[in-house]
Amino acid sequence: MSAFTDFWDAQLIWRDPLLASVISGGLLGFLGVYVVLRRIVFVSAALTQLSTLGIIVALLVEERLGVEVEHAGVQLLVALAFSAGGALLLGTLGTGRRLPAEAGVGMTYVLAGALVILGANKLIHVAHDLNSLIFGNAVAVPVQDVVILAVAAVVVGLVHTVFRKEVVFVSFDRETAEAMGMNASLWSGVLYFTIGLAIPVAARVVGALPVFAFLTVPAAAALTASSRLKTAFAISTVLGAIAAGAGYLASWTLQVPTGATMVTAAGLLFVGAVLVRVVRE
Amino acid sequence: MAPLIRLDNVTIGYGRVALLSGVSLSVEPDDFLAIVGPNGGGKTTLLRALLGTLQPLSGRREQPGPLTVGYVPQRDHVDVLWPLTTGDVVAMGRIPARGAGRRLLPEDERCARAALDRAGLGELWERPFRDLSGGQRQRTLIARALAAEPQLLALDEPTNGMDPAAELSAMDLLRELHGSGQIAVVMISHRLEAVANYAKRLAFVDKEQALWRVGPLPEMLRPEELSRLYGREVLVREEGGRRFVYPVGGGSP
């Protein structure tokens with residue numbers, strides 16, 4: 001009982017990080033349905049790396065050139081520019097005559113990853129933060145980050161509520177949507193842009209590894225458990241939020257790394273979804 | 001009667017690579033045009049240029065007025081990973097007309113259900129699309145195109161991979177749709193026999209031979225025209241009111 005009392009008394013410390021984690025998990029869980037169904041799982045991995053690279057570049061600019069970018073909003077804007085720009089670029093990659101689109105995605109992922117390591121190697125003052133940045137550590141989340149995250153979630157939610165049918169049609173059957181007069185590039189761009197918006201905002205809170213996990217695992221669980229698209233979106237959103245929240249609380253209780261615990265929680269939920277499917281069949 | 005679409009001395013291709021030049025073609029409101037040629041011969045590229053989703057490298061595409069297109073892709077181009085019901089898929093045909101950001105209305109569902117009925121699958125509205133047979137999926141995609149209430153129905157290899165009975169059934173459905181309403185049909189097939197009993201006009205396309213020919217069906221089914229397309233002697237016979245196309249030496253063109 002006293003353990004719970006201690007935990008409850010410390011709510012000022014964990015309330016905002018928990019809230020931010022839950023919003024991140026839900027937001028990314030929702031978008032993950034598109035990521036899995038459009039078979040662009042590695043696009044999300046590449047965008048997560050690009051977003052991290054954006055923050056590294058912002059920090060390098062500050063440290064080496066003396067340009068003030070310490071403000072969280074500026075760093076986030078740079079990360080957003082990298083992520084959203086990468087999203088729009090990767091979204092337009094088609095299968096060429098010589099190389100498949102996957103080659104471009106793979107190269108973006110490894111090059112961005114390599115540049116993150118090289119950039120981090122040149123940073124003197126913030127090396128201790130980089131582990132959190134990449135692997136996630138939602139221990140201390142400023143209120144403004146929670147607000148930014150909530151605003152991003154509302155924007156993404158609104159866009160996908162209003163334009164759901166267009167984005168679903170173009171994602172499901174681009175060829176037909178285009179032939180029937182729809183602007184397939186525009187609606188694909190809308191989807192990629194919202195993914196590119198969500199990634200850096202969430203990565204700032206939970207780190208790159210959980211972001212990649214939340215864009216993949218809850219959706220995989222939801223699509224395993226459900227045969228309806230609307231239900232899959234709802235389940236994936238809820239599972240993402242639960243994995244993030246439960247992972248955060250478990251990491252607090254067990255005193256283990258937060259990001260890795262969240263990913264493990266998501267993995268356990270996927271196992272649960274598989275079991276539900278097996279039992280049902 | 002003004003044509004729905006007209007290509008005037010068009011060169012089609014991708015990037016800077018021209019596949020076919022000198023293509024002139026009009027699609028009339030009561031047309032049933034079959035575009036025939038070998039696999040990889042440029043048929044889909046031509047259809048894309050016709051529909052305006054691919055800009056011609058040169059020449060002109062004209063569309064005198066607004067045009068509602070119903071499109072049926074090759075059924076293996078549609079991803080069955082998506083957890084959609086047959087009704088979800090058919091209702092997509094209403095989206096382009098409804099406009100961006102506007103919800104589908106009850107009348108859209110009525111129209112989509114009527115289209116599925118017309119395709120003979122009315123009772124499968126709630127069935128997962130991925131659980132349908134190949135022939136049922138093809139009919140569902142045709143229903144989706146019909147749900148748009150199109151002036152032009154464009155189909156890319158609609159009978160590809162079907163068994164003979166399903167192929168006949170799908171082609172009979174197309175003839176019925178064409179005959180019962182004001183719908184022009186443009187379809188692609190690599191199998192001449194699949195369209196020889198249905199189309200009003202035939203177009204032969206083969207980029208390897210730089211071949212482009214279009215004309216009324218009887219004219220295009222002459223042995224000398226077919227021999228030019230297939231590079232071998234081809235016979236056309238009528239038995240029991242149906243045309244059969246035989247390459248000399250057996251096989252199917």
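Structural remarks
- Taking other Cβ atoms within 10 Å as a rough exposure proxy, B:SER21, A:SER236 sort from fewest to most as B:SER21, A:SER236.
- Here's the list of lysines a cross-link from A:LYS230 could span, going by alpha-carbon distance under 23 Å and ignoring same-chain residues fewer than 8 apart: A:LYS165.
- Ranking of A:TYR248, B:TYR246, A:TYR192, A:TYR109 by count of other Cβ atoms within 10 Å, fewest first: B:TYR246, A:TYR109, A:TYR192, A:TYR248
- Ranked list, fewest to most other Cβ atoms within 10 Å of each Cβ, for A:LEU239, A:LEU37, A:LEU158, A:LEU53: A:LEU158, A:LEU37, A:LEU53, A:LEU239
- Among B:ARG110, B:ARG237, B:ARG118, the largest mean-square fluctuation in a Gaussian network model of chain B, built with springs joining Cα atoms closer than 10 Å, belongs to B:ARG237.
- For the range A:18-30, backbone phi angles converted through the Karplus equation (6.51, -1.76, 1.60; θ = phi - 60°) give residue-by-residue couplings of 5, 4, 4, 5, 5, 4, 4, x, x, 4, 6, x, 4 Hz, Gly and Pro being listed as x.
- Residues B:VAL80 and B:GLU219, FRET efficiency given R0 of 51 Å [Cβ-Cβ distance, rounded to 0.05]: 0.80
- Other protein chain Cβ atoms within 10 Å, averaged over every residue that makes up B:95-105: 4
- On full extension, the segment bounded by B:GLN182 and B:ALA97 gains 28.8 nm, given 0.36 nm per residue less the C-alpha separation.
- For the pair B:ARG191 and B:VAL248, the difference between a 0.36 nm per residue extended length and the Cα-Cα distance amounts to 18.9 nm.
- Within a Gaussian network of chain A (alpha carbon springs, distance under 10 Å), most fluctuating of A:GLY267, A:GLY32, A:GLY73: A:GLY73
- Taken residue by residue and averaged, Cβ atoms of other chains lying within 10 Å of the Cβ of A:227-239 number 2.
- Average beta carbon contacts from partner chains per residue of A:164-177, 10 Å cutoff: 6
Values quoted throughout were computed directly from the atomic coordinates according to the rules given, and no laboratory measurement underlies them. The structure displayed is predicted, hence computed values, not measured ones. Using ideal geometry, Cβ is built from the backbone for each residue, glycine included, and neighbour counts are taken over all protein chains shown.
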